[in-house]
1. With springs connecting C-alpha atoms under 10 Å apart, model the chain as a Gaussian network and identify which of 21, 89, 44 has the largest mean-square fluctuation.
2. Could you work out the relative contact order of the range 1-81, using alpha carbon pairs under 8 angstrom and six or more residues apart, expressed as a whole percent?
3. What nm distance separates the two modelled labels at residue 20 and residue 119, each placed 7 Å from Cα along Cα→Cβ?
4. Test of understanding: in a Gaussian network model of the chain with alpha carbons linked when under 10 Å, which of 12, 46, 94 would top the mean-square fluctuation ranking?
5. Before rounding to the nearest 500, sum -39500 (n - 2.57) across all DSSP H runs of length at least 4 in the chain and divide by the residue total; then give [θ] at 222 nm in deg cm²/dmol.
6. At 7 Å along Cα-to-Cβ for each site, give me the label-to-label distance between residue 103 and residue 34 in nm.
7. Taking the chain as the reference, fit the longest principal axis to its C-alpha atoms, fit the long axis of helix 75-93 to the helix C-alpha atoms, and give the angle between the two in degrees, 0 to 90, nearest 10.
8. By counting other Cβ atoms within 10 Å of each Cβ, how are 17, 79 ranked from fewest to most?
Ligand code: SF4
């Protein structure tokens, strides 16, 4: 078993935790005793922070709904469909008809770019972040 010190990605608190790795698979998580934020504590999400990593239901490729069923698509195809749909809604109903929800699993830089995309490209201030919940 190998322990990897990292930061919980579930919310903006940034608790320190160890991921426990066995045979190249993450099999558990536990708090970092000396972490200045969490000081040997984790909430239930942190204790289960490893659960999604190897989950069979995790998305590994873009999916596009066709005739009511989700089917694998290339990134180019999925991005084009998304861009077309966003442009259509903004054109027909105005920029405040759309909104963006960012993720604590993204980096600060990715979240910065997402709010820029919402405000400068889509033209809306409708942007929020799961870490605020
Ligand atoms: S989800 Fe829980 S363990 Fe993870 S950073 Fe937030 S408070 Fe800490």
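All of the numbers you see were taken from the coordinates with simple rules; none came from a lab. Model, not experiment: these values are computed from the prediction. Here the Cβ is made from the backbone with ideal geometry for all residues, glycine too, and neighbour counts use every protein chain on show.
1. With Cα springs under 10 Å in the chain, the top fluctuation among 21, 89, 44 is at 44.
2. Details: 131 pairs, mean separation 15.6, N = 81.
Relative CO of the range 1-81 lands at 19 percent.
3. Between residue 20 and residue 119, the simple spin-label model gives 4.4 nm.
4. Of 12, 46, 94, the most mobile in the Gaussian network model is 94.
5. Calculated mean residue ellipticity at 222 nm is -7000 deg cm²/dmol.
6. Placing both labels 7 Å along Cα→Cβ, they lie 3.3 nm apart.
7. Relative to the chain, helix 75-93 is tipped by roughly 60 degrees.
8. Taking fewest neighbouring Cβ atoms as first place, the list is 79, 17.
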